[in-house]
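Below is one structure; the comments refer to it alone.
The values are calculated or read from the model by the stated rules, or taken from the named source; none is laboratory data. In this text, all values refer to a predicted model and were calculated from it rather than measured experimentally. Reconstructed Cβ throughout: ideal geometry from the backbone, glycine too, with neighbour counts over all protein chains shown.
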Amino acid sequence: MARSIGSHVSLLLPELISLLRDDFPDVLGGLIHNLDDTVDIFSRVMNPEKLTGTNDLLAAILSCEKVRSR
């Protein structure tokens, strides 16, 4: 989906962050399984000058990893 909306993918960033902060291991497992591709797509199409939310994304990824490692 991110590929199809192109540079407007930043609109999905809050939703991705919300999913990464989910407490259900099954949700997090699906996200982690595809995280490389997801981050790759976001990094290609987002405007580097408008990387708002990047810190939130990194914090959500770390939080996701903590929940999955329990």
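Please work out which residue is modelled with the highest pLDDT, limiting yourself to the stretch 40-70 and to residues that are within 11 Å of V9 (Cα to Cα) and of a type outside the set (F, W, Y).
Quick first cut of the stretch 40-70, residues within 11 Å of V9 (Cα to Cα) only: 41-47.
Still in the running and of a type outside the set (F, W, Y): 41, 43-47.
On the way: I41: 77, S43: 74, R44: 71, V45: 67, M46: 65, N47: 61.
Looking at residues that are within 11 Å of V9 (Cα to Cα) and of a type outside the set (F, W, Y), I get I41.
Consider S4 carefully, then state whether it is surrounded by 10 or more Cβ atoms within 10 Å (Cβ to Cβ), of a type in the set (S, T, Y) and either modelled with pLDDT of 85 or more or at negative phi (or both).
Here the answer is no, as S4 does not meet what is asked.
Given the conditions (1) modelled with pLDDT of 85 or more; (2) under 10 Å from the mean Cα position of the chain (by Cα), which single one is not true for L28?
It fails just one condition, (2).
Quick one: how many residues across the stretch 8-18 are closer than 18 Å to E65 by Cβ and buried (at least 16 other Cβ atoms within 10 Å of the Cβ)? Step through it out loud before you land on a result.
Let us first name the residues in the stretch 8-18 that are closer than 18 Å to E65 by Cβ, namely 16-18.
Still in the list and also buried (at least 16 other Cβ atoms within 10 Å of the Cβ): 16-17.
Adding up the residues that qualify gives 2.
Can we say L12 is under 9 Å from the mean Cα position of the chain (by Cα), of a type in the set (A, V, I, L, M, F, W, C) and modelled with pLDDT under 85?
On the way: under 9 Å from the mean Cα position of the chain (by Cα): yes; of a type in the set (A, V, I, L, M, F, W, C): yes; modelled with pLDDT under 85: yes.
Judged against the criteria, L12 is a match.
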